[in-house]
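This report refers to the structure that appears directly beneath it.
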Amino acid sequence: MFTLRKADVCDCRLIGSLAERVFPETYAEILSKEQIDYMMDWMYNPANIQKQMEKEGHVYFLAYEECEACGYISIQQEAEDLFNLQKIYVLPYFQHAHCGRFLFEAAMGYIKEVHPEPCRMELHVNRRNKALDFYKRMGMKLVRQGDFAIGNGYFMNDYIMSIDV
């Protein structure tokens, strides 16, 4: 049974530690080691996580199995009726235990709580990410694709998926 707790700035190192265990493995067959290293620093350096929370409006939640942190999400409101599921990652051991579904449903619940009117949640996902089928099972639809420059000559080659909330 998973539990959820809203993260705060004291959790920046924990989120970074979880990312170190899941992010490189998720993208090992998709991105170069150099791009993974760049993205890890860009997204998961504790100071950058803190900046996301305090200045960019990211709201993080942590999933736990008993006392062990096993995954996290980050949600950011981008427009009046648009939220972005910025991050959803689960440690490999918990990926087939429905922790991803738990986190996805938590994101939807959080959005409904802070924005009771109908709105939309979007997600950027690498076009070669194995999680595409998971997002489709969750009810997300492919709405467009793009290649987004992230600095240092790197791009995120993503599908943008959407679901009504």
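Rounded, prolate or oblate, given the Cα gyration tensor of region 1-99, with a/c below 1.5 counting as rounded?
Judged from the Cα gyration tensor, region 1-99 comes out rounded (a/c under 1.5).
May I ask you to list the GluC sites (Glu not before Pro) in region 1-38 that are in a DSSP loop and have at most 12 other Cβ atoms within 10 Å of their Cβ? Walk me through the numbers before you get to the answer.
Details: sites: 20, 25, 29, 34; in loops: 29.
Answer in residue order: 29.
List every residue whose amide H lies under 5 Å from the amide H of residue 120, counting only residues 5 or more places away in sequence or on a different chain, with H placed 1.01 Å from N in the peptide plane.
The answer is 82, 83, 165.
About the Cα centre of region 2-121, what is the dipole size in debye to 20, counting +1 per Lys and Arg Cβ and -1 per Asp and Glu Cβ, all else neutral? Could you put the intermediate results ahead of the total?
Values: 11 positive and 19 negative charges, 16 e Å.
With only Lys, Arg, Asp and Glu charged at Cβ, the dipole is about 80 debye.
Given 0.36 nm per residue, what is the gain on full extension from residue 54 to residue 133 after removing their alpha carbon distance, in nm?
Working it through step by step, the gained length comes to 25.2 nm.
Checking the table 55/87; 112/141; 33/141; 55/130; 55/112; 6/136 against a 28 Å threshold on Cα-Cα, which pairs fail?
Distance filter (> 28 Å) returns 33/141; 55/130.
Every read-out reported here was derived from the displayed coordinates using simple, explicitly stated rules and does not represent laboratory data. Since the model is a prediction, treat every value here as computed from it, not as a measurement. When we count neighbours, we look across all protein chains shown, and the Cβ atoms used for this are built from the backbone with ideal geometry, even at glycine.
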